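Colleague: Below is one structure. I have some questions about it.
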Amino acid sequence: MSSSLQSEEFYTRFHQQLLESTSWPSLYVFKFIVPSNEEKINTLTRMFQTLSPQIATKKSSNGKYTSITLKATVDSPDLVIKKYKQVSQIEGIISL
């Protein structure tokens, strides 16, 4: 099975879970781990700029990675999935 098909199946299930578990609009917490690179961190935070999120960052003990938590009010599961797909383009990012 192709990875893009697997991804679409994952996002379809995720969309359904979000619909069933959350009332929309809702405060949603996005969590990511990225290499500690200012350009990558700035790219990530700019992707959420329109949502006016609360942002918290924490570097790993060796400073190689940075965890980023963004809390924002989101209108629908569609926007949550759109954001996850958008940030997946950042090299080295891990979505939690």
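Rule-based calculations on the coordinates, nothing more; no lab input. Note that the coordinates shown come from a computational prediction; the quantities given were computed from them, not determined experimentally. Cβ placement follows ideal geometry from the backbone for every residue including glycine, while neighbour counts extend to all protein chains displayed.
Colleague: Positive end of the charge dipole of the chain (Lys, Arg +1 and Asp, Glu -1 on Cβ, about the Cα centre): tell me which of I90, P77, Y65 has its Cα farthest that way.
Modeller: Of I90, P77, Y65, it is Y65.
Colleague: Also, I was wondering about something else. May I have the pair-distance distribution P(r) for the chain, computed from all Cα-Cα distances with 10 Å bins from 0 and rounded to whole percent?
Modeller: Values per bin, smallest distances first: 15, 46, 31, 9.
Colleague: May I pose another question? In debye, nearest 20, what is the charge dipole magnitude of the chain about its Cα centre with +1 on Lys and Arg Cβ and -1 on Asp and Glu Cβ, if you could check?
Modeller: 380 debye
Colleague: Name the residue from Y11, L27, I41 whose Cα lies farthest towards the positive end of the charge dipole of the chain, charges +1 on Cβ of Lys and Arg and -1 on Cβ of Asp and Glu.
Modeller: Value computed over the given set: I41.
Colleague: Could you tell me how many degrees, from 0 to 90 and to the nearest 10, lie between the Cα long axis of helix 77-87 and the main elongation axis, the longest principal axis, of the Cα atoms of the chain?
Modeller: The helix 77-87 is inclined about 40 degrees to the chain.
Colleague: Just how far, in whole angstrom, is region 50-74 from region 28-46 if you go by their alpha carbon centroids?
Modeller: With region 28-46 and region 50-74 each reduced to a Cα centre, they are spaced 6 Å.
Colleague: Helix 3-21: angle to the longest alpha-carbon principal axis of the chain, degrees 0 to 90, nearest 10?
Modeller: That works out to roughly 70 degrees.
Colleague: Could you calculate the contour length gain from Y11 to Y84, that is, 0.36 nm times the residue separation minus the distance between their Cα atoms, to one decimal place in nm?
Modeller: This chain segment gains 25.3 nm when fully extended.
Colleague: With an 8 Å Cα cut-off and a minimum separation of 6 or more residues, compute the relative contact order for the chain in percent. Write down the numbers at each step before the final one.
Modeller: Details: 118 pairs, mean separation 35.4, N = 96.
Once normalised by length, the contact order is 37 percent.
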